[in-house]
Each structure stands twice: as structure tokens, then as C-alpha cells.
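Peer 1: Structure incoming, see below.
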Amino acid sequence: MALIVHKYGGTSMGSTERIRNVAKRVAKWARAGHQMVVVPSAMSGETNRLLALAKELAPAKSDTAYQRELDQLAATGEQASSALLAIALQGEGMASVSYAGWQVAIKTDASYTKARIASIDDARVRAELAQGKVVIITGFQGVDDDGNITTLGRGGSDTSAVAVAAAMKAKECLIYTDVDGVYTTDPRVVPEARRLKTVSFEEMLEMASMGSKVLQIRSVEFAGKYKVPLRVLSSFTAWDIDINEEAQSGTLISFEEDENMEQAVVSGIAFNRDEAKISLLGVPDTPGIAYQILGAVAQANIEVDMIIQNVSNEGKTDFSFTVHRNDFARASDLLKSQIAPKLGAKQVIGDAKICKVSIVGIGMRSHVGVASKMFRALSEEGINIQMISTSEIKTSVVIDEKYMELAVRALHKAFDLDQTQA
Ligand code: ADP
Ligand code: ASP
Ligand code: MG
């Protein structure tokens, strides 16, 4: 008898009919003899709805008091969906109990709205499983050392599920969603995108961190750290399909680069419209400049992604970096009011209408000319590249956001991702 963790996303939990469908599927797995732990997201739209209500009452603020209430509020979405799923399972004749993260407890640090899981005490869950119950644990949330409810960042239920699977040494963690696996790129943007039967852990990590929101980046990090067998599959298949067929469907995140893996140079294309670019022009090119700029940004708790410093010209240089769009105003203010005057920089300019497009593939390690092929495909579409960054298995560019879809389609074609690979 194996312990299996299922995670169901917002769309999969989006109505009572869909919740009933989830309950029937989970009951099928339980009746096949598995111990089942299920981690649901809030019903689709619910997290956005709650956060919008907060904004209506008081504009978003970064102070701890406000952020705490956002978490207290947003966590209710998953509490509701979890209880509804437990009720639906009971309606299917299956003993079931739901727990909020704080009841388990899933302990996190105290960074509201982006907390990290520190530990999970599974004693209560194991005791319920031993009594033959399906145990449902709210996604997206935990509790800090002072008993405050925290949330794990948007899309965080993936991370809850993988962390629970890791803590309980589950045989497998199945992430059920509204697509039937991980595709070469978002199938909503490129209809010709193909499903990958397997994707290496490293590629999935890059794709998630470059913006493929099919899995939250931290869930992939957890899976890597604890070697949790992870699969992404559809919740929209008929609930009563053969369980073995279901268990083999979707996309397996693989930890071994075996010969069954598709041997493409580029496996996928990710994109992210959540970033903004800020440049400091005419900064004196002296030791410690990068530290003085980015140190102050980090102190303000603003995460920086891409960084570019130009070669200096007559002792001056330009320094650009990207931040999350939500932090754009704060970062610009900080640079304009404090850093630029202190360093004697000439000007601060910013652009929130950018996006980042990345090609990802472990084949890039052993092939040359991949980045230049990317740049050629973009130039053929007349798309200007504003920033470039590379790592061993990915190349990313920052471009004007209005060209995002065009760029993704052009790259998908240039790297033959719409063709079935041998
Ligand atoms: P859930 O609510 O189940 O967590 P998400 O909306 O968070 O679902 O993630 C699933 C969505 O991710 C898909 O509907 C798809 O539009 C998007 N997506 C982005 N990149 C990819 C990709 N490479 N493969 C599959 N889906 C992707
Ligand atoms: N409900 C949360 C969100 O919308 C968490 C999740 O769905 O994974 O971001
Ligand atoms: Mg998600």
C-alpha cells in the first residue's frame, strides 16, 4: 500500500461539479488500496477575489500589519475548498478529514505572502491515514513560530503538495491541473505546443523560474532536494479511467537523463511578463558601485533578476536590472530619491512594459550556436533585444512586451518544437 499525494489546482476545484469529480477520482485511488493525501487549491478566481476585496478597502501596502491580514484572508480560499472536498468524499462514502496548514502543522518562516516552509509535522496526518481516512491538507499556507497564518506565494499549492510528499516520503506526487502535462511552451500561446512525456528536473527548474507557471518554482526545488517523484497530469480526464493508465499519463519530471528522454537541444520556451527594467545612467565606474546599488535594493527586500553593467566610457557606466513589476514603483523611488543622488548618477529611467523570453534545454550544454539561432529568429521578426542573460542550459532575453507572443511563436518554430522529436 503506497502513500500518494494528489494536488488539484484552482480550475480543477472550480465548481461543486468539479469538486465532486475530484472526489470520485481520489476515492478510486483510495479504493485501489493507496493511502491518499490530497492538497487542493482554492476554487478558481477565489484568491484574486479575496485580494481584490482587501485592495478595495485599503490600497496595497508593504507593511507587516497589512501583509499579515492578506495572508489571514487569502488562506481562507483553500480552507473552504478543502472542507468542500472532504464533504464531497464523505458523500462518495469515503471517510475523509481536512486540515488547514496551521493544524497539521506546516511551519514556515514569517515572510507574509511569500513564506518558505521550514518543517512539517505529519503525526496527525499519519494517525488519520491509519484510520483509513483520506486526508486533505490546504494548499498555499502554513503557520509561523508565533502562530500567524502565512501563505507561500501565488501558485504555492504546488509547493505545499511536494513538501508534504517529501515530508511523508510519498511514493509519488501527482499534480493535477487544467492541461495534460508540461508542454514545449504554454499551449495557450502556441497551440502547436507539444506535451513532453518526460522533462528533466533541471529543465523544469529553469522553465518554472523563467515563468512557466505550470509548476511553482519552489515546488520543483523541493522535488529536487528530496527526490520526490513528480508528475503533472490532467484533472479533466474521466475520473473512472483505468488507474494504471492515469498513473502513466501526463509529464514525468525525471531525475535521470536516460535514453528515453527527448533529445532536443531546446526542450521548452518560457516567458514572463511580470518584470520591469530600471536603468541608472552615467554612474561613476568605481569599485563598489554594484554593491551600493543592489545592496540598497536588497535591503528594501526587493528581488533583482537580470543585471547588466556596460563597459565604462570616460569613467562612467550605465547599470540596468530587472525586478518584479509589483516592486517597480518602490525600486524606482528608492533609486531616484536615494541612490542616484548619493552616487552622482545622471538619470534613472524605467520601463514596466517589458517581458522576458527564455529558451531552455539540457542539450544546450553540448551544442554551440544555440543562442545565435535564437537571436537570428528574433531579428527576422524585427524584435529588438534589450537585455540578454545566459546559464548553462538557458538563454533569456528581455524584449518589448508587445512582441512577446510573436517571439515565443517564432522561437517555437525556429527550434522545431512543433515537430515530434525522434
Ligand atoms: P493550477 O490552477 O492547476 O495550479 P496553473 O494555471 O497554475 O494551474 O498552471 C497551469 C497553466 O500553466 C496552464 O493552463 C498553462 O496555460 C500554463 N502553462 C505555462 N507554461 C506551460 C507549459 N510549458 N506547459 C503547460 N502549461 C503551461
Ligand atoms: N490559490 C493560490 C493562488 O491562486 C495558490 C494556488 O492556487 O496554488 O495563487
Ligand atoms: Mg498553479
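The values are calculated or read from the model by the stated rules, or taken from the named source; none is laboratory data. Keep in mind the model is a prediction, meaning the values are calculated, not measured. Reconstructed Cβ throughout: ideal geometry from the backbone, glycine too, with neighbour counts over all protein chains shown. Heads up: the accessible areas ignore ligands, DNA and RNA and are worked out on the full protein's heavy atoms, side chains in. Shrake-Rupley method; radii C 1.70, N 1.55, O 1.52, S 1.80 Å.
Peer 1: Leaving ligands, DNA and RNA out of it, report the carbon-plus-sulfur percent of the accessible area of the chain at a 1.4 Å probe.
Peer 2: Of all accessible area on the chain, carbon and sulfur atoms account for 49 percent.
Peer 1: Suppose a student asked you for the relative contact order of segment 358-404, using Cα pairs under 8 Å spaced at least 6 residues apart; what percent would you report?
Peer 2: It rounds to 45 percent for segment 358-404.
Peer 1: What does the charge count near I339 come to, summing +1 for each Lys or Arg and -1 for each Asp or Glu among other residues with Cβ under 15 Å from its Cβ?
Peer 2: So the surrounding residues net to +1.
Peer 1: Taking segment 1-110, how many lysine pairs are there with alpha carbons less than 30 Å apart, if each pair must be eight or more places apart or span two chains? All intermediate terms of the calculation are to be shown ahead of the outcome.
Peer 2: On the way: K7/K24; K7/K28; K7/K55; K7/K107; K55/K107; K61/K107.
The result is 6.
Peer 1: Classify segment 286-396 from the C-alpha gyration tensor, please: rounded if a/c falls under 1.5, else prolate or oblate depending on whether a/b exceeds b/c.
Peer 2: In terms of gyration-tensor shape, prolate.
Peer 1: So how exposed is T64, as accessible area in Å² (1.4 Å probe, rounded to 10)?
Peer 2: 90
Peer 1: Next question, about the same structure. How much net charge surrounds D240 when only the other residues with a Cβ under 9 Å from the Cβ of D240 are counted, with Lys and Arg +1 and Asp and Glu -1?
Peer 2: Overall, the nearby charge balance is +2.
Peer 1: List the residue ranges in the chain for DSSP H helices whose C-alpha atoms run 27 angstrom or more along the long axis and whose Kyte-Doolittle average is 0.0 or above.
Peer 2: What comes out of the filter, once short or polar helices are dropped, is 64-91.
Peer 1: So, one more: Tell me the per residue accessible area of the chain using a 1.4 Å probe; a whole number in Å² is fine.
Peer 2: With all protein chains present, the chain gives 46 Å² per residue.
Peer 1: Excluding same-chain pairs closer than 8 in sequence, count the lysine pairs in segment 309-422 whose Cα atoms lie under 23 Å apart.
Peer 2: Counting lysine pairs in segment 309-422 gives 17.
Peer 1: Next question. What length, rounded to one decimal in nm, is gained on full extension from H367 through to E245, with 0.36 nm per residue of separation minus their alpha-carbon distance?
Peer 2: Result for the pair: 40.3 nm of gain on full extension.
Peer 1: Given Cα pairs under 8 Å that are at least 6 residues apart, what percent is the relative contact order of the chain? Intermediate results must be reported in sequence, preceding the final value.
Peer 2: On the way: 894 pairs, mean separation 58.2, N = 422.
Relative contact order of the chain: 14 percent.
Peer 1: Using a 1.4 Å probe on the protein heavy atoms only, what accessible surface does D145 show? Give it in Å² to the nearest 10.
Peer 2: Rounded to the nearest 10, the figure is 130 Å².
Peer 1: Ignoring ligands, DNA and RNA, how do H34, H412 rank by accessible area with a 1.4 Å probe, largest first?
Peer 2: H34, H412
Peer 1: First check a/c for the chain, with a ≥ b ≥ c the square roots of the eigenvalues of its C-alpha gyration tensor; if it is under 1.5, answer rounded, and if not, answer prolate when a/b is larger than b/c or oblate otherwise.
Peer 2: Oblate, because a/c is 1.5 or more while a/b does not exceed b/c.
Peer 1: Starting from the 7 Å offset along Cα-to-Cβ, what nm value, one decimal, do you get for the label separation of R31 and N384?
Peer 2: It works out to 6.3 nm between the two label points.
Peer 1: If you count the DSSP beta bridges with both ends in segment 1-128, what percent of them are antiparallel, to the nearest 5?
Peer 2: If we restrict to bridges inside segment 1-128, about 35 percent are antiparallel.
Peer 1: Per DSSP H run of at least 4 residues, take -39500 (n - 2.57); add these up for the chain, divide by its residues and hand me the 222 nm value, nearest 500 deg cm²/dmol.
Peer 2: So the helix-based figure for the chain works out to -10500 deg cm²/dmol.
Peer 1: Same structure, new question: What size of dipole, in debye to the nearest 20, comes out for the chain about its Cα centre when the only charges are +1 on Lys and Arg C-beta atoms and -1 on Asp and Glu C-beta atoms?
Peer 2: Details: 46 positive and 52 negative charges, 99 e Å.
Computed charge dipole of the chain: roughly 480 debye.
Peer 1: Have a look at Q216, A166, P191 and report the one farthest towards the positive end of the charge dipole of segment 117-225, computed about the Cα centre with Cβ charges (Lys/Arg +1, Asp/Glu -1).
Peer 2: Farthest along the dipole direction, towards plus: P191.
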